[in-house]
Amino acid sequence: MTPVQPVRGTQSLLGEDADRLAAVVAAFDRVRRLYGFRRVEVPTIEHTAVFARTIGETTDVVSKEMYSFEDRGGESITLRPEFTAGICRAYLSEGWQQHAPLKVAASGSAFRYERPQKGRFREFHQLDAEIIGAAEPQADVEILTLGYQLLAELGIAEGVTLELNTLGDPETRDAWRGALVDYFRSHKAALSEDSVARLERNPLRILDSKDPKDRGICENAPNVDEYLTAEASDFFAAVTAGVDAAGVPWTRNPRLVRGLDYYRHTAFEFVTDRLGAQGTVIAGGRYDGLIEALGGPSTPAVGWAAGIERLAMMIDAPAPVRPAVVLVPLGERAEAEAQRILVGLRREGIAADMAYRGNLKKRMSRANAAGAAYALILGDDELDSGQAQLKDLTSGEQRGVSLDLIAEAIRR
Ligand code: ATP
Ligand code: MG
């Protein structure tokens, strides 16, 4: 029988690869606490409408990437492709509005039916940070600074650039959209098939196209700056002034739009050239229209999501877990005594392990292979004398240590 294979685009990770993901989440948890972001948990599944209404029917995510199914009760359910919509649904349904402005952080798996490649999976993991109920540009600055500090904490800020743009207010967006439709219509023949389809329904998305055919045409597309209202322009100026004051380096990318429909004003990506085509590690912006799209009151909000796998590929390998000591018992009596010592050491916070397979030589080589600082050798003679042999695996020195003072000897 052929062994069962994993689902395409999923990963099963062991050791260092898994530790990398955990290190990214741990860094995020440290930083979000410093910024006063409260942890939230939201379901992996939501009613399909939660995503369809907010992300936008015409986006790639909703039109072709969602994992949707009918459950046994006949309801249309979707595995979350991102966190923002679910958090906003909870903001409304769980009464979190009373905490506004609310700063929250989440992390976990997300699902998109995409073509798997380096840095792109069907089940992947995101970090997510949101500030809900704040219309001030200071909220945008805080969310950007949080992203930058996370990258610094991970030791990768140098290799990543913050690209910043504004999509303006609804008035700006409408005027710019109209200009883009006119422009792209006049270049329709040269556009990719996907972008021709986007032309009427979602022309901003053409700017986000990775197709080389579209890239050239996008170069000369109308710039959002020509359509910014005074208000939108002031808002963007306040954001960039705040980001400068916070010492976060950035560059302007006037072609940057986000793949999801709900964005207004600030849009940004932290990008790197170290990951090939999948270079965006953190992406987000202001989404003042989203909560209304869910049937809630008009609520300003800003946030970002980061791809944990992409960040994990960039960081230095986390230090592997090494035991301080490996116990090497010889004989049944010694093995029982070793169990007692082992549990005591572990309770005292000392990473300890036991080699229980093979002869003395095999067991000692296991202790060495585990990268332990010490091996503790325990045979019948040692039990009788109440002393075990503690061997320093770096220097090779060996000395007798009282069975009651092993933790102290290792700590020294
Ligand atoms: P891309 O342009 O790479 O498809 P996106 O615009 O679809 O990204 P967002 O919806 O903004 O991505 O998601 C936020 C972040 O989540 C991305 O910047 C990326 O780091 C990560 N991400 C998105 N899709 C995937 C995926 N399929 N596999 C791994 N990471 C992903
Ligand atoms: Mg995508």
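Tabulated values for the structure
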quantity: Loop GluC sites (Glu not before Pro), the range 1-96 (other Cβ atoms within 10 Å of the site Cβ: 13 or fewer; DSSP); calculated: Glu41, Glu57, Glu75, Glu94
quantity: Relative contact order of the range 325-411, defined on C-alpha pairs under 8 angstrom at six or more residues apart (%); calculated: 30 percent
quantity: Net length gained if the chain between His47 and Val343 were fully extended (0.36 nm per residue, minus Cα distance); calculated: 101.8 nm
quantity: Listed residues Ser93, Ser107 arranged by accessible area, highest first, probe 1.4 Å; calculated: Ser93, Ser107
quantity: 15 Å Cα-Cα reach of Lys118 towards aspartates and glutamates, excluding residues that sit fewer than 8 places from it in its own chain; calculated: Asp17, Asp273, Glu309
quantity: Sequence-separation-based contact order of the chain, relative, with Cα cut under 8 Å and 6+ spacing, percent; calculated: 16 percent
quantity: Where labels lie 7 Å past Cα in the beta-carbon direction, separation of Leu405 and Asp273 in nm; calculated: 6.1 nm
quantity: For the range 203-267 versus the range 97-154, the gap between their alpha-carbon centres in whole angstrom; calculated: 19 Å
quantity: Violating pairs (Cα-Cα greater than 28 angstrom) within the set Lys103/Lys210; Lys64/Lys103; Lys64/Lys213; calculated: Lys103/Lys210; Lys64/Lys103
quantity: Student exercise, the chain dipole from Lys, Arg, Asp, Glu Cβ charges, in Debye to nearest 20; calculated: 1000 debye
quantity: Under 5 Å, built H, 5+ apart or other chain: amide partners of Thr166; calculated: Ala267
quantity: Length added when fully stretched, Ser395-Ser76, from 0.36 nm per residue minus Cα-Cα; calculated: 108.4 nm
quantity: About the Cα centre, charge dipole magnitude for the range 325-411 (Lys/Arg +1, Asp/Glu -1 at Cβ), debye; calculated: 420 debye
quantity: Rounded to the nearest 10 Å², the accessible area of Asp19 at probe 1.4 Å; calculated: 60 Å²
quantity: FRET E, pair Leu34, Ala189, Förster distance 60 Å, beta-carbon r, rounded to 0.05; calculated: 0.70
quantity: Surface accessible to a 1.4 Å probe, Leu393 within the full protein complex, Å²; calculated: 30 Å²
quantity: Part-to-part distance (alpha-carbon centres) for the range 301-361 and the range 18-43, which is given in Å; calculated: 23 Å
quantity: FRET efficiency, 1/(1 + (r/R0)^6) with R0 51 Å, evaluated for Arg322 and Ala197 via beta carbons; calculated: 0.40
quantity: Within the range 8-88, trypsin sites (Lys or Arg not before Pro) in DSSP loop having at most 16 other beta-carbon neighbours inside 10 Å; calculated: Arg8, Arg72
quantity: Farthest toward positive dipole pole in the chain [+1 Lys/Arg, -1 Asp/Glu at C-beta], among Ile377, Ala232, Tyr148; calculated: Ile377
quantity: Modelled FRET efficiency - R0 35 Å, Thr10 with Ser365, Cβ distances, 0.05 increments; calculated: 0.45
quantity: Filtered GluC sites (Glu not before Pro), the range 321-412: DSSP coil and at most 16 other beta carbons within 10 Å; calculated: Glu348, Glu397
quantity: Cα shape, the range 325-411, gyration tensor, a/c 1.5 rule; calculated: rounded
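The values are calculated or read from the model by the stated rules, or taken from the named source; none is laboratory data. Keep in mind that what you see is a predicted model, and the values were worked out from it rather than measured. Every residue, glycine among them, receives a Cβ derived from its backbone with ideal geometry; neighbour counts consider all protein chains shown. All accessible areas refer to the heavy atoms of the entire protein, side chains included, with ligands and DNA or RNA removed. Shrake-Rupley method; radii C 1.70, N 1.55, O 1.52, S 1.80 Å.
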